[in-house]
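Peer 1: Encoded as structure tokens, here's the structure I'll be asking about.
The values are calculated or read from the model by the stated rules, or taken from the named source; none is laboratory data. What you are looking at is a predicted structure, and each value in this text was computed from that prediction instead of being measured. Cβ coordinates were reconstructed from backbone atoms using ideal geometry, including for glycine residues, and neighbour counts include every protein chain displayed.
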Amino acid sequence: MKIEASSFKDYDAFVFFESGELFRKLSENYLPVYKKFTESGLYSRLLSENLIVGHEEITEDTIKPEKVFISYPWEWCFSQLKDAALATLKIQDIALDYGMSLKDANCYNIQFVENKPILIDTSSFEVYTEGEPWVAYKQFCENFMSPLCLMAYKDLNLNSLLLGNINGISLELTSKLLPFSARFNPNLFMHIYLHGKMQKQYSQAENQKQIAQNLKMSKFQQKALILNLIKTIENINLKKYKTEWDNYYTFTNYNEVSFGKKQEIIKNYCTELKPARVCDFGSNNGFFSRIFSDSGAEVFSFDIDKLAVEANYLRAKKENEKNIFPLVFDMVNPSPNLGWNNEERKTLLQRLESIDVSVALALIHHLRFTYNIPFYKMAEYFSRVSKYLIIEFVGKKDSKVQMMLSHRKDVFVDYDEEHFEKVFSEYYNISDKQKIDSAERTMYLMERKNAE
Amino acid sequence: MRNIFKVLFILFVINLINPQAAFAYLDPNTGSMVLQTIIACVTAIGLTFKMWKNSVISFFKKITGKNDDEN
């Protein structure tokens, strides 16, 4: 038995692996609560509304949840974080109807399955005691409301503050960072500014226990609070603005013929490889990812740009696409190991399993010229991800590359097709190479050497 | 003396059967608890008013023969 490194905070249960399978062990004290959770009908209700991970009962105190890919809130776009927040509130609202309540509301408990946010922590519930306030209110505000407000009112990239504050962004910090105008939103004023002040005010109070014991809130009042939180979250919206990549496919370096040819080559590679799982690095809005997902593959569609991922996610949601998973991923600044003993949160490569094909289209010139990543580093990285690699070489005469080099000295003497092939050949066998008509670009299909 | 032991024993049992105190691992923060109680009171009043308003509106719609679909 190997206990999951991040599963140590909750007295009621822990997650462990055995023979590669995932299990959740419930404590003896928690068994009556779990019984109420299933027998009250709450579990079935949440399952029917796609709000909780399904599980199988193995023994009286051990359940086997479905395995899901774990992503982190700093890898989500704005709408993914918003949907995760709303799912948490919806679960709490439903749980109250069944005489139960969420005892925590952290953003790691919500994961995306088929682009729907679900609760993965089956032991997150406690029996609701009439009159008790919601114990996870503070955690909800710090884990969801803070990053959402910062993304909407200040900067789209500010959910990455969770990287340095994995237990949530404090309301004091959020209050300092938000623009003055945010105070005029009455709900944000209450849940962020006033909330931060109250936390500070009561932190020094000597009679905290007595105060907490005297606080009473009826179920109707708590439901009104949850409804208010839902409305508050629903009304946090992104300002309409464009980033560098938002309209990338409208302004590509391809004419219609070349773009068609590129699609055709990728479709052929997809037909040839028949991959089950694909990682598309630098996928923009997921245009090419969909060639793979449409063929039935499960596709991780990564991009550094949060608006591109936003567009990708919103489309997947609208079209009810189940096997494309848009995520924010910065290859030059990837998710690190974080938390206690650097084990609670894992790197992307530790979380990705059984990837058949990596896709890197119109990517390597950005890595080389903007971030100075040499070819051998790229080849080494991709070869760790998957057996096959579909990669596009972008020549120096390409107008985008010309633009990148226009304001700097061209020191990249080794940036050419010959050197690219030589370096990648140390890691891969080049199975196919095709020039894209009327463009300075070449497509490659490669197979990792000594592939198992 | 016996009475003191009785009281202590009762307090001990109460402490054991109070799962909130025994197993909660999250610090809810006193300030957060106070604030949410206040917000919950205010929003509950608002919600009650809204529910009354809706029932009054639907009552009048009912007696005037209009329904929601017509809007």
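Peer 1: Mind checking which residues of region A:15-34 are surrounded by fewer than 19 Cβ atoms within 10 Å (Cβ to Cβ) and either under 22 Å from residue A:338 (Cα atoms) or within 14 Å of another protein chain (Cβ to nearest Cβ) (or both)?
Peer 2: Selection gives A:16, A:17, A:22, A:27, A:28, A:29, A:31, A:32.
Peer 1: What are the residues in region A:126-169 that are under 22 Å from the mean Cα position of the chain (by Cα) and of a type in the set (Asp, Glu), if any?
Peer 2: Passing the criteria: A:142, A:155.
Peer 1: Another question, then. Return the total of residues in region A:211-222 being more than 7 Å from chain B (Cβ to nearest Cβ), under 27 Å from residue A:86 (Cβ atoms) and either part of a loop (DSSP other than H, G, I, E, B) or polar (S, T, N, Q) (or both).
Peer 2: Residues meeting the conditions: 1.
Peer 1: Taking region A:16-42, which residues are touching a residue at least 40 places away in the same chain (Cβ under 8 Å) and under 20 Å from residue A:91 (Cβ atoms)?
Peer 2: Answer for region A:16-42, where residues must be touching a residue at least 40 places away in the same chain (Cβ under 8 Å) and under 20 Å from residue A:91 (Cβ atoms): A:24, A:26, A:30, A:33, A:34, A:36, A:37, A:40, A:41, A:42.
Peer 1: From the list A:147, A:186, A:117, A:179, exactly one residue is within 14 Å of chain B (Cβ to nearest Cβ) and either under 21 Å from residue A:235 (Cα atoms) or at pLDDT below 95 (or both). Which is it?
Peer 2: A:186
Peer 1: Hey, can you tell me all the residues within region A:58-94 that are farther than 21 Å from residue A:143 by Cβ and aliphatic (A, V, I, L, M)?
Peer 2: A:58, A:63
Peer 1: Quick one: count up the residues across region A:379-414 that are touching a residue at least 24 places away in the same chain (Cβ under 8 Å) and among the polar types (S, T, N, Q).
Peer 2: Result for region A:379-414: 3.
Peer 1: I'd like the residue in region A:167-196 that is hydroxyl-bearing (Ser, Thr, Tyr) and in contact (Cβ under 8 Å) with a residue 24 or more places away in the chain and, out of all such residues, is farthest from residue A:140 (Cα to Cα).
Peer 2: A:181
Peer 1: In region A:168-218, how many are touching an Asp or Glu at 6+ places or on another chain (Cβ under 9 Å), among the basic types (Lys, Arg) and either under 22 Å from residue A:106 (Cα atoms) or surrounded by fewer than 11 Cβ atoms within 10 Å (Cβ to Cβ) (or both)?
Peer 2: 2
Peer 1: Ok, one more. Where the second residue is outside any loop (DSSP other than H, G, I, E, B) and small (Gly, Ala, Ser) and the first is at the interface with chain B (Cβ under 7 Å from one of its Cβ atoms) and lies in region A:127-141, which pairs have Cβ atoms under 6 Å and are six or more apart or on separate chains?
Peer 2: Close Cβ pairs (under 6 Å, with a partner that is outside any loop (DSSP other than H, G, I, E, B) and small (Gly, Ala, Ser)) amount to A:137/B:32; A:138/B:32.
Peer 1: Suppose the filter is among the aliphatic types (A, V, I, L, M), in contact with a strand residue (DSSP E or B) (Cβ under 9 Å, 6 or more places away or on another chain), over 30 Å from residue A:284 (Cβ atoms) and part of a helix (DSSP H, G or I); does residue A:225 pass it?
Peer 2: For residue A:225, the condition - among the aliphatic types (A, V, I, L, M), in contact with a strand residue (DSSP E or B) (Cβ under 9 Å, 6 or more places away or on another chain), over 30 Å from residue A:284 (Cβ atoms) and part of a helix (DSSP H, G or I) - is met.
Peer 1: Which one is surrounded by the most Cβ atoms within 10 Å (Cβ to Cβ) among residues in region A:86-106 that are hydrophobic (A, V, I, L, M, F, W, C) and part of a helix (DSSP H, G or I)?
Peer 2: If we take residues in region A:86-106 being hydrophobic (A, V, I, L, M, F, W, C) and part of a helix (DSSP H, G or I), then A:91 is surrounded by the most Cβ atoms within 10 Å (Cβ to Cβ).
Peer 1: Kindly establish whether residue A:74 is in a loop (DSSP other than H, G, I, E, B) and assigned by TED's automatic domain parsing to the domain that holds residue A:21. So that I can check it myself, show each step before the final result.
Peer 2: Values: in a loop (DSSP other than H, G, I, E, B): no; assigned by TED's automatic domain parsing to the domain that holds residue A:21: yes.
Against the criterion (in a loop (DSSP other than H, G, I, E, B) and assigned by TED's automatic domain parsing to the domain that holds residue A:21), residue A:74 does not qualify.
Peer 1: Of all residues in region B:1-56, count the ones that are at pLDDT below 85, assigned to a helix (DSSP H, G or I) and small (Gly, Ala, Ser). Before the answer, list the steps.
Peer 2: Our first condition is that a residue be at pLDDT below 85; within region B:1-56, this holds for B:1-28.
Next cut, assigned to a helix (DSSP H, G or I) only: B:2-17, B:19-23.
With the extra rule that they be small (Gly, Ala, Ser), the set shrinks to B:21-22.
Adding up the residues that qualify gives 2.
Peer 1: Could we say that residue A:116 is closer than 21 Å to residue B:36 by Cβ and either touching a strand residue (DSSP E or B) at 6+ places or on another chain (Cβ under 9 Å) or touching a residue at least 40 places away in the same chain (Cβ under 8 Å) (or both) here?
Peer 2: no
Peer 1: Has region A:382-401 got any residue that is in a helix (DSSP H, G or I), more than 19 Å from residue A:266 (Cβ to Cβ) and under 24 Å from the mean Cα position of the chain (by Cα)?
Peer 2: Within region A:382-401, one or more residues are in a helix (DSSP H, G or I), more than 19 Å from residue A:266 (Cβ to Cβ) and under 24 Å from the mean Cα position of the chain (by Cα).
Peer 1: If I ask for residues that are among the small types (Gly, Ala, Ser) and within 30 Å of residue A:184 (Cβ to Cβ), which ones from region A:199-234 would you list?
Peer 2: A:203, A:205, A:224
Peer 1: Taking only region A:424-444 into account, find how many residues are charged (D, E, K, R) and assigned to a loop (DSSP other than H, G, I, E, B). Can you show your working first?
Peer 2: Taking region A:424-444 as the starting set, the residues that turn out to be charged (D, E, K, R) are A:426, A:432-433, A:435, A:437, A:440-441.
Narrowing the set further to residues that are assigned to a loop (DSSP other than H, G, I, E, B) leaves A:426, A:437, A:440.
Count: 3.
Peer 1: For region A:54-65, name all the residues that are without any contact (Cβ under 8 Å) to a residue 24 or more places away in the chain and assigned to a loop (DSSP other than H, G, I, E, B).
Peer 2: A:54, the sole residue that qualifies.
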